[in-house]
Amino acid sequence: MKQRKSITFEGLLLTASVCVCCCLGCSKGENISWQTEKVVRSTMSEMVSATGTVEAETSVDVGTQVSGIIDKIYVDYNSVVKKGQLIAEMDKVTLEAQLKSQEAQLASARAEYEYQQKNYARNKVLFEKELISDSDYETATYDYERAKSAYEQAEANIVSARQNLGYAVITSPIDGVVISREVEEGQTVAAGFETPTLFTIANDLTEMEVIADVDEADIGQVQEGQQVTFTVDAYRGEVFEGVVKQVRLEATVESNVVTYEVVISAPNPELKLKPGLTATVSIYTLNKPNVLTIAPKALRFVPDEALAAANGITLKSLNVENPAVQKTVWIKNGQILEEKEVKIGTTTTLMAEVVGGLSEGQEVIVAMELSKGKAGAVQSGSTESSPFMPKPPGSDKKNKKKE
């Protein structure tokens, strides 16, 4: 009986020693490492992408208000023209004949008017002396008023005929460059319900603009004065710059997609940009250069209290009442982790602007890692990982082999 008891006691001692060794071995084999990132100065930017078309800032469609045959054309594509310069002429034979006809009608109406005016004056004197009847006087008055109206109508017709003859001479309304010519000499044009376009003249090709179609989901971020960069396929690798000049309120719906037109100024001193080019546009809705920034995950980091205590790490927490409003980060100082309040400005998915509480070069903790000997690192103590997330393939097999 005594021998059995001693064996049992020795077995208990051996078991206890193995457990102590295992615990000591585990504590010695585990090390905490910290992932930190520095507070640095950088440029915060966000942009909205769109496509658009390059156009001249000012372009005028030159047409004609009279029908007829194009007799002569004095300009061609890319011709530089001045305001008032003759660019085309229409056949004037018919228009001149119409003017002569109106002039003849005006002369006839003037003669009739002058005759009826004198006749009316005579009849008025006789009527006042009661030498003619009321009927004769009314007839003279009627003839006079009718002749007067016919004369005024003839005067209006002569003005219209002269104007139409003037329309046969087509001049440039602005200084610029001819970018489109729609007619040839000898071609007949008909000015019906709308004026036919003969030429399109751009005012100044050194100042272009891009009309970009911005999706409705992004239009709320676009404002006048924002910086823009864009590229065109004609000059691959070259980036052009511009500024948002106007955000138009009218929506365009195509295939159930709602877009809004944004006008972007595009300086073109080298005349590389041509009307009609398709532009791929990037509108910088946020552009803050040289600001203090940190990684947003530093604001979400929360250390594991139990793991920190097991490894001799002291936590100095601020006990923030409302973390959603009051932002904090953790800074390591030896064996002490200190929570520090910071003021955050603009935040993007990649960085957060530091307004106060930190200085350039300081390091903030973004993750906590627990390493076990040579087995590799396992992230711990950070809200970046979740126990409910699926484990990597093969992790269960490795654990079984270790056991």
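The values are calculated or read from the model by the stated rules, or taken from the named source; none is laboratory data. On a predicted model such as this, the values are computed, not experimentally measured, just so you know. We place every Cβ from the backbone using ideal geometry, glycine too, and count neighbours over all the protein chains shown. Side chains included, ligands, DNA and RNA excluded: accessible areas come from the protein's heavy atoms. Shrake-Rupley method; radii C 1.70, N 1.55, O 1.52, S 1.80 Å.
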Considering every residue within the stretch 45-68, establish whether at least one is of a type in the set (Asp, Glu), over 30 Å from Gly220 (Cβ atoms) and modelled with pLDDT under 90. no
How many residues does the stretch 122-135 contain that are within 19 Å of Glu112 (Cβ to Cβ) and either open to solvent by 70 Å² or more (accessible area, probe 1.4 Å) or within 60 Å of the chain's Cα centre (by Cα) (or both)? 2
Taking the residues in the stretch 121-162 that are β-branched (Val, Ile, Thr) and assigned to a helix (DSSP H, G or I) as candidates, determine which candidate is nearest to Ala104 (Cα to Cα). Ile158
Can you list the strands (runs of 3 or more DSSP E) found entirely within the stretch 178-256 that contain at least 1 residues being under 30 Å from Gln85 (Cβ atoms) and in contact with a strand residue (DSSP E or B) (Cβ under 8 Å, 6 or more places away or on another chain)? 197-202, 207-215, 240-254
Please indicate, with yes or no, whether at least one residue in the stretch 183-198 is closer than 21 Å to Pro267 by Cα and open to solvent by less than 40 Å² (accessible area, probe 1.4 Å). no
Return the pairs, sorted by first residue and then second, in which the second residue is open to solvent by less than 80 Å² (accessible area, probe 1.4 Å) and part of a loop (DSSP other than H, G, I, E, B), the first residue lies in the stretch 112-129 and is without any contact (Cβ under 8 Å) to a residue 60 or more places away in the chain, the beta carbons are less than 6 Å apart, and the residues are 6+ apart or on different chains. Leu126/Ile132
Checked Ile336, Ile344, Ile331 against criteria (open to solvent by 40 Å² or more (accessible area, probe 1.4 Å), farther than 30 Å from Phe240 by Cα, in contact with a Lys or Arg (Cβ under 8 Å, 6 or more places away or on another chain) and without any contact (Cβ under 8 Å) to a residue 40 or more places away in the chain); the one match is Ile336
Only listed residue being under 16 Å from Thr171 (Cα atoms), open to solvent by less than 30 Å² (accessible area, probe 1.4 Å), touching a residue at least 40 places away in the same chain (Cβ under 8 Å) and touching a helix residue (DSSP H, G or I) at 6+ places or on another chain (Cβ under 6 Å), chosen from Val81, Val75, Val62, Val66: Val66
Among residues belonging to the stretch 141-160 that are without any contact (Cβ under 8 Å) to a residue 24 or more places away in the chain and farther than 22 Å from Gln98 by Cα, point out the one that is most open to solvent (accessible area, probe 1.4 Å). Tyr142
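Rundown of residues vs (1) at pLDDT 90 or above; (2) over 23 Å from Val39 (Cα atoms); (3) not in a strand (DSSP E or B), yes/no style:
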| residue | (1), (2), (3) |
| --- | --- |
| Ala309 | no, yes, yes |
| Glu321 | no, yes, yes |
| Val329 | yes, no, no |
| Ile344 | yes, no, no |
| Val354 | yes, no, no |
| Lys374 | no, yes, yes |
| Ser382 | no, no, yes |
